[in-house]
Amino acid sequence: QDPENGDASLAPRAAWVGRLAAFAPVGDRSGVELGFSATQGTNNVAAAARTRVLGGDLKAKLWTDANAYLLVQGEVLHLERDYASWESVAANYTRTRTTASGGYLFADYNWARRYNVGAALEQHQDPDAPSDDHSAVGLFAGFALMEETTVFRLDWRRLRRSGTVPFSSASFEPIQQLTLRAIFSMGPHKAHQF
């Protein structure tokens, strides 16, 4: 973009990613895992424009009976992104920063070895238009033929988006979604808490 010096597109771009997680047992069989993740990278070297994402997550499996448990998962993410643009009059780069956040929460209750029900909720801001947000709420019920190897699940979701349809003044209409899933898995797998 800089007509004389370019935007240093061939220069090295430093980036990093990291994650910390901790697991704590609750009683004999239950457990909780907490995690924190972060990453940062360079978008434009000459303008020193960067993107950073921070996140936190939680997973808990709480046994309520010998064959019944509640699984809860959630995650929150926060984005900070710099946009660089070349100002020909001032002959330098300018940076603008946009931020967006989002997350989800999921719960799955297995009240018997072969039956489960659950709910999910998610919401996030559009990174390109942070004033617009997307959200979804859903319910599901499942039945396993042979423990967890063959599962049939019926999902209902309601998707909503704020803002207006591009090139129109009409608002987005909510979408109702109904899905029947058939999940088949085979082969050995090691025992795991989650």
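The values are calculated or read from the model by the stated rules, or taken from the named source; none is laboratory data. This one's a predicted model, so the numbers in the text were calculated from it and none came from an experiment. Every residue, glycine among them, receives a Cβ derived from its backbone with ideal geometry; neighbour counts consider all protein chains shown. These area figures cover heavy atoms from the full protein model, side chains too; ligands, DNA and RNA do not enter into them. Shrake-Rupley method; radii C 1.70, N 1.55, O 1.52, S 1.80 Å.
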ask   = From the residues in the range 28-58 that are open to solvent by 60 Å² or more (accessible area, probe 1.4 Å) and among the charged types (D, E, K, R), which one is farthest from the chain's Cα centre (by Cα)?
value = D28
note = If we ask which residues in the range 121-145 are open to solvent by 40 Å² or more (accessible area, probe 1.4 Å) and either of a type in the set (G, A, S) or at pLDDT 85 or above (or both), their number turns out to be 11
note = Per the list (1) modelled with pLDDT under 95; (2) over 30 Å from V151 (Cα atoms), residue check on R113 breaks on (2)
task = Could you list all residues from the range 71-92 that are within 30 Å of N116 (Cα to Cα), of a type in the set (A, V, I, L, M, F, W, C) and either free of Cβ contacts under 8 Å to residues at least 40 places away in the same chain or touching a Gly at 6+ places or on another chain (Cβ under 6 Å) (or both)?
result = V72, V76, L77
task = Can you work out which of the residues in the range 33-63 that are in contact (Cβ under 8 Å) with a residue 40 or more places away in the chain and in a strand (DSSP E or B) is nearest to F23 (Cα to Cα)?
result = E33
task = Tally the residues that are in a strand (DSSP E or B) and over 24 Å from the mean Cα position of the chain (by Cα), restricting the search to the range 84-98.
result = 9
query = What is the residue count in the range 149-167 for residues that are surrounded by 14 or more Cβ atoms within 10 Å (Cβ to Cβ) and modelled with pLDDT under 90?
reply = 4
task = Would you confirm whether any residue within the range 81-90 is in contact with a Lys or Arg (Cβ under 8 Å, 6 or more places away or on another chain) and at pLDDT 90 or above?
result = yes
request  = Residue by residue through the range 68-91, note down the ones that are open to solvent by 70 Å² or more (accessible area, probe 1.4 Å) and not hydrophobic (A, V, I, L, M, F, W, C).
outcome  = Y83, E87, S88
